[in-house]
Amino acid sequence: MATPRTMFEKLWDAHVVLQRDDGQTLLYIDRHLCHDGSRQGFTKLKNENRKVRRPDLTFASPDHYRPTDIKAVSEIQDQKMREILEELAANADRFGIHHFGLDSGMDGIAHVVGPELGVTLPGISLVCGDSHTATHGALGAFAFGIGASEVAHVFATQTLWQRKPKAMRITVDGKLGFGVSGKDVILAIIGQISAAGATGHAVEYAGSAIRGLDMEGRMTVCNMTIEAGGRAGMIAPDETTFAYCEGRMFAPKEDKWDKALAYWKTLPSDDEAGFDTEAVVDGNAIAPMVTWGTSPENVVPVTGAVPDPANEPDPVRRATQERALDYMALTPGTRMTDVAVDKVFIGSCTNARIEDLRLAAAVAKDRCAQVRTLVVPGSQQVKREAESEGLDKIFTDAGMEWREPGCSMCVGMNGDILQPGERSASTSNRNFMGRQGEGGRTHLVGPAMAAAASVSGHFADVRTLMEGKS
Amino acid sequence: MEAFTKWTAKAAPIDAANVDTDQIVPAPFLSRIRTEGYEGLLFYRVRRNADGSMDPDFILNQDAFKDAGILVADRNFGCGSSRENAAWTLWDNGIRSVIAPSFGDIHYNNEMNNGMVPVMLSAEICADLRQQLHDNPGAEITVDLENNVVVAPDGKPHVFSIPEFNRYRLLNGLDDVSFTLESETEIAAYEAKRKQEADWLY
Ligand code: SF4
């Protein structure tokens, strides 16, 4: 009998081009996503006078620098941003790669566009010059983020040198409570295992609570694997995955679909397969979460309070906590629901898919935003779908802004930012100092909690807010 | 890429865990191309007060540490964004090696792809090194890649390991792509096989 293997090992083995005696492995890359931030990779390629080896497997979409208040590149006021988007289009043209530009009707954040167009599929290896590439593992792919030198390497060779990461399984069993979404699951996981808890590992998320998530929720969970230090996150493909993939633009059709499906069903980890590291999180106990500090591991349930660093025995961690509280202008013991917000951001590759917008809209419906609130769909396709369901109307009726797709306020580089000292409730993935703009104070939450903060003006328990509403 | 054999320099202690790449170089600078340089941008925000003036308490603003060529940090250094600009910023500000108990995976590779040596030593050793640097501001550390050894200010050697593949490339300053293309036969063979066995991909 063959040795039992984890899904990660199966994915790894299927992509080995060659392995050196020192353990370094050359892996083949099935899909390479790039974006407007990948320009340094293109520059390296041009400087070395090389071509993209497999333009047919290379896909580009502008997202990081794309302002969310314009529809065409020519409308971009900021010269630098406009040039960066023009440069991506020119590079795509020059190297013959797929480009989902602003005029394609398919533009959006790479990690939203890839899965929804069927570029991302189970069983593939996928890389992107962006750390949240782990998102795509939600479909049962081996997907990881890389740096600019590696982007250039993949362009030129369609391969990457890798050391095999260790395999970790995070099992979340149980039934998620009302008002609890994929975002709360991953924040609870990071709170438990720390921001370095999965370092050096490829993580497989398993258990009934994970199985019960829809694809959007699974992508949210895998997306933030990097915030736990993990190299890649993945979830075994199942009927939910197959139903999601079927019929998408770049997904296999007819005979090829059948063949793919038969292969994908062999991917889940074998029962006897062993993991290097295991963690277990109780799904029943997860509440809606809010971060209070400047690392995603600084997280508490919305019913909780800002912790007191004095209770932290480790001096370095205590100092880090004190610095975080100082930056966030929070006092130990303050209840999270007493913390007022200045701005709300619903968007990013973590939480800007259709299901995320539905969760937020259910809370926003017939209520009024108390603070400026940006709702930024993850892609043009999500935007269209939301509009066909009337979600845009719910948001605008509540006084929220309905924008064009892009990374927006997740990262302070496209015009959507926090002002110094402003506090946000944000569905993005990083609460690092200055992430959303210099001096900005970011609290990470799920989409329903973000909408709840918007209509309350402070953090609020979405479960209480929605009581009596179905 | 510049070859790295041995590097002796003043070292600075960075007493924080989870130093993310947004701290090393903030997003608004990412649109700079490589040749524009990243000098003066290292820890751009963290080293400043809210009003924009330099924070004298920040370690790299202090005379004894401001021209450090090595950083000794705590766990999970370089976590977060994949921006290679973080490695460039360290390099352009004279840092050739970072010593920490653990690194963000992508940043770890980015450092090595830019001729830097990320050194992993235990949390205890890193804490001890930081303490020595606080006690003797301006003290030097040596990172010897030929012998896989770090020499502490107190003269004690600490053996570290780094993937042999990367060590070889660093010692010789080898470019990755040309090296990989020596395996063209294997890559082409894999592509042919993949096309046959997994035609659903194309
Ligand atoms: S939405 Fe944020 S995290 Fe996601 S790719 Fe864009 S900048 Fe990165």
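Which percent, to the nearest 5, of DSSP beta bridges fully inside the protein assembly as shown are antiparallel?
Taking every DSSP beta bridge within the protein assembly as shown, about 30 percent pair in antiparallel fashion.
For each of A:ASP56, B:ASP63, A:ASP282, count neighbouring Cβ atoms within 10 Å of the residue's Cβ, then give the residues from fewest to most.
Taking fewest neighbouring Cβ atoms as first place, the list is B:ASP63, A:ASP56, A:ASP282.
Starting from one equal scatterer on each C-alpha and no solvent at all, send me the Debye-based log10 I(q)/I(0) for the range A:302-465 at q = 0.17, 0.18, 0.19, 0.21 Å⁻¹, two decimals.
-0.94, -1.04, -1.13, -1.32
What does the average come to when, for each residue of peptide A:162-174, you count the partner chain Cβ atoms lying within 10 Å of its Cβ?
1
FRET efficiency for B:THR5 and B:GLU186, Cβ-Cβ distance as r, R0 = 22 Å, nearest 0.05?
0.15
Ignore the peptide's own chain and count Cβ atoms of other chains within 10 Å of each Cβ in B:27-40; give me the average, rounded.
Mean partner-chain Cβ count within 10 Å for B:27-40: 4.
Each residue of the range B:88-94 in turn: what ³J(HN,Hα) in whole Hz from Karplus with 6.51, -1.76, 1.60 and θ = phi - 60°, glycine and Pro shown as x?
4, 5, 4, 4, 5, 10, x
Roughly what % antiparallel, to the nearest 5, for the DSSP beta bridges in the range A:302-465?
15 percent
By per-residue mean of other Cβ atoms within 10 Å, what is the highest-first order of A:141-149, B:67-75, A:396-404, A:332-340?
Final packing ranking: A:141-149, B:67-75, A:396-404, A:332-340.
So what J values fall out for the range A:86-100 if you push phi through Karplus, 6.51 cos²θ - 1.76 cosθ + 1.60 with θ = phi - 60°, rounded to Hz, Gly and Pro as x?
5, 5, 5, 4, 5, 5, 4, 5, 4, 9, x, 8, 5, 9, 9
What list do you get for A:SER408, B:SER97 if you sort them by fewest beta carbons within 10 Å?
B:SER97, A:SER408
For a 18 Å ceiling on Cα separation, which of these pairs sit above it: B:LYS66/B:LYS156; A:LYS253/A:LYS383; A:LYS10/A:LYS175; A:LYS256/B:LYS195; A:LYS253/B:LYS195; B:LYS10/B:LYS66?
Table pairs above 18 Å Cα-Cα are B:LYS66/B:LYS156; A:LYS253/A:LYS383; A:LYS10/A:LYS175.
Is the shape of the protein assembly as shown best called rounded, prolate or oblate, per the rule: a/c under 1.5 gives rounded, else a/b larger than b/c gives prolate, else oblate, with a ≥ b ≥ c the square roots of the Cα gyration tensor eigenvalues?
Since a/c stays below 1.5, the shape of the protein assembly as shown is classed as rounded.
Which order do peptides A:180-193, B:188-201 fall in by mean Cβ count within 10 Å, highest first?
Per-residue mean Cβ counts within 10 Å order the peptides as A:180-193, B:188-201.
Taking amide hydrogens as modeled 1.01 Å from N in the peptide plane, which residues meet the under 5 Å criterion relative to A:THR373, leaving out close sequence neighbours?
Result for A:THR373 returns A:VAL344, A:GLU401.
Would you mind checking the pairs A:LYS51/A:LYS80; A:LYS164/A:LYS259; A:LYS166/B:LYS6 and listing those with alpha carbons more than 32 angstrom apart? Walk me through the intermediate numbers first.
Working: A:LYS51/A:LYS80 26 Å; A:LYS164/A:LYS259 28 Å; A:LYS166/B:LYS6 30 Å.
The pairs that break the limit, which is 32 Å between Cα atoms, do not exist here.
How large is the Rg to Rh ratio of the range B:6-201 when both quantities use alpha carbon positions and Rh follows Kirkwood?
Across the range B:6-201, the Cα-based Rg/Rh ratio is 1.05.
Expressed as a whole number of Å, what is the distance separating the alpha-carbon centroids of the range A:373-393 and the range A:213-257?
The range A:213-257 and the range A:373-393 have Cα centres spaced 21 Å from each other.
Roughly how many whole Å is it from the C-alpha centroid of the range A:291-345 to that of the range A:121-198?
Value for the Cα centre distance between the two parts: 26 Å.
What's the average, rounded to a whole number, of partner chain beta-carbon atoms within 10 Å of each residue's beta-carbon in B:180-188? Write down the numbers at each step before the final one.
Details: counts 9, 5, 0, 6, 1, 1, 6, 8, 1.
Per residue, the number of nearby Cβ atoms from other chains is 4 on average.
Rank by packing, highest mean first: peptides B:29-36, A:196-203, A:310-317, with packing defined as the count of other Cβ atoms within 10 Å averaged across residues.
Those peptides, ordered most packed to least, come out A:196-203, B:29-36, A:310-317.
Every number here is computed from the coordinates shown, using simple stated rules; none is lab data. Every value quoted in this text rests on a predicted model; they were computed, and no experiment measured them. Cβ sites come from the backbone with ideal geometry, for glycine too, and all protein chains shown count toward neighbours.
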